[in-house]
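Taken together, the values in this text are just the output of simple stated rules run on the coordinates, not laboratory data. Owing to the predicted nature of the structure, the values given are computational and were not obtained by experimental measurement. Here the Cβ positions follow ideal geometry from the backbone for every residue, glycine too, while neighbour counts run over all protein chains shown.
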Amino acid sequence: MKIEIDCNPSTADSDVLSQGIMNFNKLMIQDLEPMEAEKRFYVFARDDDGEVCGGIRATCYWNTLHIELLWLAEKARGGGAGRALIHRAEEYAREHDCANALVETTSWQAKPFYEKNGYKHMATLEGRPKGQASHYLSKTLA
């Protein structure tokens with residue numbers, strides 16, 4: 001067996017991996033939501049001029065809201081925009097049958113913000129990135 005690293009694999013090769021894990025998952029749990037059902041979405045905060053001043057990029061799959069990123073411009077912070085973004089993302093997730101939410105944040109980012117919004121700390125990975133930590137939080141949406 002030859003083991004290799006490929007930073008630019010063919011679509012056919014990468015599809016073999018994706019299809020392989022999807023087939024395995026379906027074999028193990030017949031009614032598991034397929035990855036094709038994944039719903040990527042964005043929630044935007046706009047200022048009075050209609051300019052984006054913050055937002056969330058997220059995905060719903062396997063009955064879980066995955067918050068990939070949340071950002072707010074300095075001028076939009078402290079007035080409830082972050083809380084409103086989270087609320088709207090969670091509302092959308094519930095509409096799409098998500099019962100859980102999951103987020104990763106780093107030591108210099110928003111752990112206290114997520115905790116104030118009902119997220120519970122699950123784990124910390126120290127040294128990610130070097131000299132810092134990544135925190136993993138979850139919330140029950142049901």
* Which residues, counting only those in the stretch 69-79, are exposed (fewer than 13 other Cβ atoms within 10 Å of the Cβ) and not in a helix (DSSP H, G or I)? -> GLY78, GLY79
* Asked: Out of (1) farther than 17 Å from ASN63 by Cβ; (2) surrounded by 13 or more Cβ atoms within 10 Å (Cβ to Cβ); (3) out of contact with any Phe, Trp or Tyr (no Cβ under 9 Å at 6 or more places or on another chain), the odd one out for GLY82 is which?
  -> (3)
* Asked: Has the stretch 87-96 got any residue that is in contact with a Cys (Cβ under 6 Å, 6 or more places away or on another chain), under 20 Å from GLY118 (Cβ atoms), surrounded by 13 or more Cβ atoms within 10 Å (Cβ to Cβ) and free of Cβ contacts under 8 Å to residues at least 60 places away in the same chain?
  -> yes
* Asked: Do we have ASP6 as among the charged types (D, E, K, R) and surrounded by 12 or more Cβ atoms within 10 Å (Cβ to Cβ) here?
  -> no
* **When residues of the stretch 97-130 are limited to those that are of a type in the set (Val, Ile, Thr) and farther than 16 Å from GLY55 by Cβ, the one surrounded by the fewest Cβ atoms within 10 Å (Cβ to Cβ)** => THR124
* To do: Pull up the stretch 42-59, narrow it to residues that are surrounded by 15 or more Cβ atoms within 10 Å (Cβ to Cβ) and out of contact with any Asp or Glu (no Cβ under 9 Å at 6 or more places or on another chain), then point me to the one that is farthest from GLY78 (Cα to Cα).
  => VAL43
* Among residues of the stretch 91-119, those that are part of a strand (DSSP E or B) and either over 26 Å from ALA37 (Cβ atoms) or of a type in the set (Ser, Thr, Tyr) (or both), counted -> 2
* Residue in the stretch 31-54 that is nearest to the chain's Cα centre (by Cα), counting only those that are part of a loop (DSSP other than H, G, I, E, B) and within 18 Å of ASP97 (Cα to Cα) -> GLU38
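Consider ILE21 carefully, then state whether it is assigned to a strand (DSSP E or B) and among the hydrophobic types (A, V, I, L, M, F, W, C). Can you show your working first?
On the way: assigned to a strand (DSSP E or B): no; among the hydrophobic types (A, V, I, L, M, F, W, C): yes.
The answer is no for ILE21.
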* Is it fair to say TYR136 is under 24 Å from ASN63 (Cβ atoms) and crowded, with 18+ Cβ neighbours inside 10 Å? -> no
